[in-house]
1. Give me the Kirkwood hydrodynamic radius of the stretch 104-200 in Å, from all C-alpha pairs, to one decimal place?
2. Please list, in order, the residues from the stretch 149-171 whose amide nitrogen is less than 15 Å from a point placed 7 Å along the Cα→Cβ vector of K68.
3. For the stretch 128-211, state which trypsin sites (Lys or Arg not before Pro) are in a DSSP loop and have at most 10 other beta carbons lying within 10 Å of their beta carbon.
4. Among the listed pairs K68/K249; K99/K202; K52/K93; K118/K312, which are separated by more than 32 Å between their Cα atoms?
5. What are the trypsin sites (Lys or Arg not before Pro) within the stretch 73-127 that DSSP puts in a loop, where the Cβ has at most 11 other Cβ atoms within 10 Å?
6. Set Lys and Arg Cβ to +1 and Asp and Glu Cβ to -1, take the dipole of the stretch 20-111 about its Cα centre, and tell me which of A33, L84, L44 lies farthest positive.
7. Subtract the Cα-Cα distance of V57 and A243 from 0.36 nm times their separation in residues, and report this length gain in nm to one decimal.
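FYI, it's all coordinate maths here, none of it is from the lab. Bear in mind the structure is a predicted one, so any value in this text is a computation, not a measurement. Using ideal geometry, Cβ is built from the backbone for each residue, glycine included, and neighbour counts are taken over all protein chains shown.
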Amino acid sequence: MSLLRFALTLVSLAALCPSLWCARDITGSSIQAPESADFSHVPLSVQMRFKKDRKDVYHILIANETKKSPHHWEIYTAPKSGFLCVYAPKFFKGLLDSKTDVSDNKWHELAFVMDGEKASLYLDGQLKATQPMTQNDHARAMQPLRIGGLVEGGMGYNGSIAEVRIAHDAQVASAPWPTDGSVIAHWKFNNTQEDFTDLSSKKRALRYTKVFREMGTPDPKPYVKEQIASYADPAQWASGVQALSKELKLSALSLENAHAGVWHIWTWDLENYGKADYAKERQIPLSDVADWEDRAREEVFDKNALILPEDKGPAGTVLRRAKAL
């Protein structure tokens with residue numbers, strides 16, 4: 001094979017299979033950008049080229065700020081269906097739901113656009129969903145942006161990402177995506193780089209981080225508490241539960257020496273997963289709620305490990321768990 005033919009073959013392969021050259025598998029990891037009000041400013045367009053093959057749980061492609069922030073938005077795929085969706089409760093009601101399964105191990109291009117009047121979701125060049133926008137005058141929390149997971153942790157992404165482009169306009173750029181004056185962040189990825197270069201004039205530095213993976217998944221990683229989002233101080237909860245434990249003489253509970261990380265995780269779980277309206281907030285269809293609750297119980301070693309709505313707070317959870325011992 002001549003050198004010219006070999007070069008043409010490489011070019012053809014790159015065109016047919018971009019994952020060989022310009023994509024990164026971020027399974028078990030995430031990529032974080034520093035906090036910036038730019039990612040909450042409307043008009044806003046977010047474009048991403050990605051590939052994934054799992055739909056067992058929620059997979060977060062990209063999220064801005066934590067769920068507590070009024071300027072939170074996230075692009076994710078739903079469990080079971082694999083549908084690509086956008087959730088931004090303070091920008092519009094409900095969801096942008098593509099009604100299209102993208103967990104097929106094929107490359108897709110998404111575009112999420114907010115122009116101030118409506119929010120739109122495009123997939124592979126086709127408009128899939130729109131919602132009228134609501135006025136969002138809330139103060140900005142100034143928290144990071146994360147690719148491949150929630151800013152506060154707890155949910156990740158299994159798959160590859162080739163390119164992310166965010167701009168202050170309401171346009172869907174055609175490939176190859178330009179880096180013009182409206183672009184506030186533009187990253188291209190491969191499987192070797194660690195210091196990702198922002199092609200926009202902002203030159204935002206990204207931080208690549210291995211994330212926690214649950215027991216039973218391949219190559220589990222140790223839990224490391226990252227200073228990404230503000231954590232609620234659990235000291236008051238810890239002291240209150242410890243005092244109650246002593247008052248009730250629950251000698252089987254050794255809470256005095258519990259690691260602070262345990263209280264942090266418990267606090268986070270109670271504020272996020274322990275919500276009675278979690279299914280509603282996630283826009284889970286009512287027909288799937290019962291199934292979702294059954295799945296939650298199946299995913300823990302013991303159903304008493306769950307934080308249940310009928311506990312009505314930490315004290316109730318402690319009493320129920322103590323009774324079950």
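1. After inverting the pairwise mean of 1/r, the radius is 15.7 Å.
2. Answer for this model: 151-154.
3. Sites meeting the loop and neighbour criteria: K203.
4. K68/K249; K99/K202; K118/K312
5. In loop regions of the stretch 73-127 (DSSP not H, G, I, E or B), the sparsely surrounded trypsin sites (Lys or Arg not before Pro) are K106.
6. Going by the Cα projections, it comes out as L84.
7. Length gained, V57 through A243: 63.2 nm.
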